[in-house]
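Asker: Would you mind keeping the following structure in view while I ask a few things?
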Amino acid sequence: MGIKILFLFFVILSNNIEARPISYSGGSTLMGFSDNMMDSIYYHYSPTYKYSIGIESVQNKYFNENYSYIRFTYLLNRKNTQTSQRNLYFQSGLSSKGLDNYFYGVHGDWETRRWFLGFGLKEVESAYRNYSDKYYQVGVAPYLGEYGDLHTWILIKTKVNSLTNKTSTYPVLKFFKGNFLIELGYNNKTEWDTHLMYRF
């Protein structure tokens with residue numbers, strides 16, 4: 001709960017951001033995630049637009065433990081057209097719990113000013129149990145904002161986690177303006193699913 005309060009404070013203080021896991025060259029990003037499985041705070045620095053390195057502090061609710069990841073994200077592919085952008089990223093993390101505890105995966109998105117598609121596939125190696133975590137998103141912007149406006153997306157998200165063997169599908173609202181982004185989703189299986197981002 002403390003993570004949510006911290007990032008809501010940042011949002012209140014806020015005044016062009018895209019939901020990208022790599023910043024511009026020399027930029028930094030601070031993110032918070034929370035759902036029924038874990039809470040985390042993640043900071044990364046991008047030496048170039050192609051990759052980022054960072055550290056993530058995790059409170060794992062499922063295994064009831066705390067640990068950190070050293071994380072690396074790499075832009076595998078980007079395609080820009082006059083009306084759309086496509087991105088594909090490799091992600092990985094090495095845990096403070098030792099070399100046998102790590103994750104790797106891919107995530108990507110395709111979007112126009114009106115439509116959005118996204119996905120993430122993550123394999124986690126753990127001393128307790130190996131598992132996979134997946135999500136898929138599709139969304140639409142109810143209006144087309146100009147540069148500097150508050151932008152809004154209405155999405156449907158499906159999450160699949162092999163630890164719980166449950167699939168959950170629920171609505172998500174995404175807002176971004178200036179250097180801040182917030183995503184909020186909820187259903188009775190996953191409870192709150194939140195993602196907050198500040199880029200500087």
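Asker: What distance in nm separates the simple spin-label points at Tyr128 and Met38, each placed 7 Å from Cα in the Cβ direction?
Answerer: Label at Tyr128, label at Met38, 1.0 nm between them.
Asker: Tell me the Rg and the Dmax, in Å, that the Cα atoms of region 23-114 produce.
Answerer: 15.0, 47
Asker: Calculate for the chain the 222 nm mean residue ellipticity that helices alone would give, adding -39,500 (n - 2.57) per DSSP H run of length 4 or more and normalising by residue count, nearest 500 deg cm²/dmol.
Answerer: -2000 deg cm²/dmol
Asker: Rg and Dmax of the chain, using alpha carbons, in Å: what are they?
Answerer: Just the Cα atoms of the chain yield Rg and Dmax of 16.3, 48 Å.
Asker: Amide H to amide H under 5 Å from Tyr51: which residues, 5+ apart in sequence or cross-chain, H placed 1.01 Å off N in plane?
Answerer: Leu75
Asker: Can you work out ³J(HN,Hα) from phi for every residue in region 26-38, in order, using Karplus 6.51 cos²θ - 1.76 cosθ + 1.60 and θ = phi - 60°, giving whole Hz and x for Gly and Pro?
Answerer: x, x, 10, 9, 10, 10, x, 10, 8, 8, 6, 9, 6
Asker: Considering the options Tyr186, Leu99, Trp153, tell which one lies farthest towards the positive end of the dipole of region 2-199, charges being +1 on Lys and Arg and -1 on Asp and Glu at the Cβ, about the Cα centre.
Answerer: Projecting each Cα onto the dipole axis, the largest value belongs to Trp153.
Asker: Oh, and also: Using a 10 Å cut-off around each Cβ, can you sort Tyr186, Tyr69, Tyr147 from fewest to most neighbouring Cβ atoms?
Answerer: Ascending number of Cβ neighbours within 10 Å: Tyr147, Tyr186, Tyr69.
None of the figures in this text is laboratory data; all of them are computed from the coordinates on show. Note that this is a predicted model, so its numbers are computed, not measured. Because the Cβ atoms are built from the backbone with ideal geometry, glycine has one as well, and the counts that use them run over all protein chains shown.
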